[in-house]
Structures are given as C-alpha cells and as structure tokens.
1. Could you work out how far apart the two model spin labels at Val278 and Trp104 are, taking each label as a point 7 Å from the Cα in the direction of the beta carbon, and quote it in nm?
2. Which peptide among 247-256, 210-219 comes first, and what is the full order, when sorted by highest mean count of other Cβ atoms within 10 Å?
3. Gap in Å between the Cα centre of region 115-161 and the Cα centre of region 238-277?
4. According to a simple spin-label model (label point 7 Å from Cα along Cα-to-Cβ), what is the distance in nm between Thr211 and Ile161?
5. Whole-Hz ³J(HN,Hα) for each residue in region 147-155, computed from phi via Karplus 6.51 cos²θ - 1.76 cosθ + 1.60 with θ = phi - 60°, x for glycine and proline: what do you get?
6. Which ³J(HN,Hα) values, rounded to whole Hz and listed in residue order, are derived for region 255-264 from phi using the Karplus coefficients 6.51, -1.76 and 1.60 in 6.51 cos²θ - 1.76 cosθ + 1.60 with θ = phi - 60°, glycine and proline given as x?
7. Compute the relative contact order of region 60-144 as a whole-number percentage, counting only Cα pairs closer than 8 Å that sit 6 or more residues apart in sequence.
8. Counting only C-alpha contacts under 8 Å and six or more residues apart, can you give the relative contact order of region 144-193 as a whole percent?
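Bear in mind these aren't lab numbers, they're just calculated from the coordinates by the rules spelled out. Since we're looking at a predicted model, the values are computed, not measured. Every residue, glycine as well, gets a Cβ built from its backbone with ideal geometry; the counts of neighbours run over all protein chains shown.
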Amino acid sequence: LCVVVIVFGTTPLEPPTPFKRASPAVAYRQSHCQCVCGAREVEKPAKKKKFAMNELIVLNVGYSAMEERGEEVEGEMEVMVANCTCTLIKSHDCNIIVDTMTPWDGDLLLQRLQEHQLAPDDISWVVSTHGHSDHLGNNNLFLKARHIVGTNISQRNRYFIHDFTSAPFHLSDTIEVLATPGHTLACVSLLVRNCTIRTTPGVPSSGPARTVAIVGDLFERAEDITDAALWLEAGSEDPAAQRRNRARMAAAADFIVPGHGAGFAVTEAVRETLRGQVGEGGQ
C-alpha cells in the first residue's frame, strides 16, 4: 500500500542551521569569560616582527678642501680637491653600495670590495646620493644592480617611477631612500635601521645596533655643524631646504655618514644646534 500526501499553501521549510558544538575547553573559557568578565576571551597580541641585522662598512673616507694658490691651478679658476665617502651596506638579502667615488677610483673600489669577499656582480643596488661625478664615477662597474641616482631609479634602459616627495623608497624592511634636497634639488639620503658599523678594514663591527643616515653632501663633514660655510661653499641649490633636511636627518638617526668626511655620532646637542639653524640666513 502506497500513501501520497500533498500539502497545499505552505512554504518549504528551510534546512536547519548546522550546530557546531564547542570543545569542552573552549566552552568553559567562553562561559567563564562571559560570566566573570562580561566579555569573550581577549586574543593574545601578535608577536613583534624581528628584523635582520644590517652592517655598514666604510670603504673610503671622503675629503674636500680648496686648493691653495701656488699649486697646480687651471688658469685663474679656484679649485676644490674632493672625493666622496663610499659605503657598503651588507643586508640579509642584498648588498648596497653608496656613492662610488670618481672615475679614477675604479681599481681602488674593486680592491676594497675584494677585501670583503665581494665582486661587482654581488651588488644588488647602487645608490648615488646625487649626480656629481665624485659620487657616481664607477656606477658602470655594477651592471647587474639596479641604480638610484638622486631621485632616478633605473636598470639598463628601464626607469622605475617613484614619487620621492610623497614617500621614501624602500630597499628592505629596514633600509629606505629619502629625498633630502639642498646641495642639489635631487639629493637623496639613506636611512638604515638595525645597523652595526665597521669603519676599519679587517676589524669586525662593534657596538649596539643603530639607525644610520648616509646623507651624501647634505653634510660635508662633522665640522660643518658649527661652521655653515663648509657646506655652503661646497654648493647649495636650496640652502633653506638643506638646513631643514639636516635637522630632519639628525632627528631620525643615531649616526651620520657625511659626503666628504668620517661618520659621527648624533647627540642631543647636535640635534639642538641643527634645529636652531633652521630659518637662518633669512630663508
């Protein structure tokens, strides 16, 4: 016997919502928190991200000085004798060279790299803080690297567009390139966090990790903090911007590598002096 039941005028029943039973431990925690705390269990905060260590190695300490009269001079022109400070940054996943000196320093640069077991093809990024010849003279040695010259980023004939006025350009989680106009309008600086410093070949890095600013000719050398003539006479396309950016980089860093001298520690006294110079000269 087969019975068929037909029901008219009803709405089909919705399938029941599946019920997922919490485990006894979870159920206890939820009920306990709701009763005692009035809220569900608070999630544990995420662990802080650990950043890899960077190492800054000074390959060449720069210099600059006006040539004295009586020495070899081109006609009646004044002559400045100069070469830049050249640095190497060894990061966990890339090697960066900053300011490659004059075209006559190629052999010296290759020798200094070899002292650190590196060849030109081991360099990932070449950064020239601006376009003067003593800061980019050997960029052509690094044909596998990407190049940053001032605010231009390129490799071969490809130019990568980045607005440095809006944001820094990041080479890694702890290394960024920032616009710092002044000496030239296209000058850039690097800010390297979590960094140890090696100033002498063959001597391991020492001391605590620091935030290091590699600033090109934003600073000539440490002495120009109290003697503005040193950086002004070296040339400044925008002195007011240069004063602002000098104070800005000192505020961000514990240690500064200038364009033509040895690196120096940044103290609160240095920061205060540079802040006080912003707006000087009527600019």
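1. Distance between the two pseudo-spin positions: 4.1 nm.
2. Values: 247-256: 19.4, 210-219: 26.4.
The peptides rank, most packed first, as 210-219, 247-256.
3. So the two Cα centres are separated by 25 Å.
4. 3.1 nm
5. Calculated HN-Hα couplings, in order: 10, 10, 10, x, 9, 9, 10, 8, 8 Hz.
6. 8, 10, 9, x, x, 9, x, 6, x, 8
7. Values: 137 pairs, mean separation 23.5, N = 85.
Once normalised by length, the contact order is 28 percent.
8. Working: 67 pairs, mean separation 12.9, N = 50.
The value is 26 percent.
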